[in-house]
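These notes concern the structure reproduced below.
The values are calculated or read from the model by the stated rules, or taken from the named source; none is laboratory data. Since the model is a prediction, treat every value here as computed from it, not as a measurement. Please note: Cβ atoms are built from the backbone with ideal geometry, for glycine as well, and neighbour counts cover all protein chains shown.
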């Protein structure tokens, strides 16, 4: 599943629309060398119709490896063309979105709604794989609306994996509600059912599963892995608090030696990057675009509130990232700028250890029943 030259995706940063753009991924890679990074979801149609402008949508620096391209869509021809066009950019995996609950996406019959059509998803994964050199994966929920039983989830996994080359599934451990509630509410209202994820490990031992949803700290990441999780995907915590989330990944998850990296060093390198890309595509990116991923860098630190107020003012007139940082960083004490991330916080998390007694019964469909189901 993984490129041999990279460590496995024990930790990955979730694809997040308007957030995990090339600027955020550049910052993330300056903090963590081993985290697997995902792009924002790109619609297959965007890739196909922007054929003459693909650098803007698909280009990234070599340092961002290992990196996964997430695409969405419901048209096999466009998915095939998009995979073929993206192949030149050498992503380490192509992920298909079957989990987004946004009404804009679900209403167009892609995203989470596709879980109701596993036959199509299998066909989509087959055409994507046929037009790409990269491995393929699916990101999905544990169910949709009232189709939320464990057996229905297993039917989806079985169909897609048995009729396509898909061997890796990222499981967001909540179902999706497609009745018009917001994506934010879809991350809170449906209950987490981690037991479904761990039951999949039991019932599909030949597949690889990454757990996603509600995991916000390195302690929780390692707790999930201690109970057998193949990989863990973290979303908003990695964006809103990148220093203490991503800063512990290499050492606490991958076992790399501690470094003396500081936020000042990260900002020095990021400033060189940011100023090199300003206006690369006409008016874009702007200073505001490249500053956006930095806004969580001093999460909960002394001076953070003042720094953000200074940032708001500076963004009204600064034309370079260098001038922005010179004008604002005085709000942050040197002790914060020059401190290392330190040891990962200790503590026992038993969220996942308690699940053994909650696992649903083993997948009930026998082989001949499965054949009838998919006939």
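Can you name the condition, by its number, that residue 229 falls short on among (1) surrounded by fewer than 18 Cβ atoms within 10 Å (Cβ to Cβ); (2) not in a helix (DSSP H, G or I)?
With (1) surrounded by fewer than 18 Cβ atoms within 10 Å (Cβ to Cβ); (2) not in a helix (DSSP H, G or I) applied to residue 229, the lone miss is (1).
In this structure, does residue 221 turn out to be modelled with pLDDT of 95 or more, closer than 21 Å to residue 6 by Cβ, assigned to a helix (DSSP H, G or I) and under 24 Å from the mean Cα position of the chain (by Cα)?
Details: modelled with pLDDT of 95 or more: yes; closer than 21 Å to residue 6 by Cβ: yes; assigned to a helix (DSSP H, G or I): yes; under 24 Å from the mean Cα position of the chain (by Cα): yes.
For residue 221, the condition - modelled with pLDDT of 95 or more, closer than 21 Å to residue 6 by Cβ, assigned to a helix (DSSP H, G or I) and under 24 Å from the mean Cα position of the chain (by Cα) - is met.
Which residue is surrounded by the most Cβ atoms within 10 Å (Cβ to Cβ), if the candidates are limited to the stretch 237-253 and must be in contact (Cβ under 8 Å) with a residue 40 or more places away in the chain and within 20 Å of residue 352 (Cα to Cα)?
Just the residues of the stretch 237-253 that are in contact (Cβ under 8 Å) with a residue 40 or more places away in the chain, to begin with: 238-244, 246-253.
Now restrict to residues that are within 20 Å of residue 352 (Cα to Cα): 249, 252-253.
On the way: 249: 27, 252: 17, 253: 21.
My answer is 249.
Quick one: is residue 313 at pLDDT below 95 and in contact with a helix residue (DSSP H, G or I) (Cβ under 9 Å, 6 or more places away or on another chain)? Step through it out loud before you land on a result.
Details: at pLDDT below 95: no; in contact with a helix residue (DSSP H, G or I) (Cβ under 9 Å, 6 or more places away or on another chain): yes.
No; evaluated as a whole, the condition is false for this residue.
For the subset of the stretch 117-156 comprising residues that are in contact with a strand residue (DSSP E or B) (Cβ under 6 Å, 6 or more places away or on another chain) and farther than 13 Å from residue 95 by Cα, which member is surrounded by the fewest Cβ atoms within 10 Å (Cβ to Cβ)?
144
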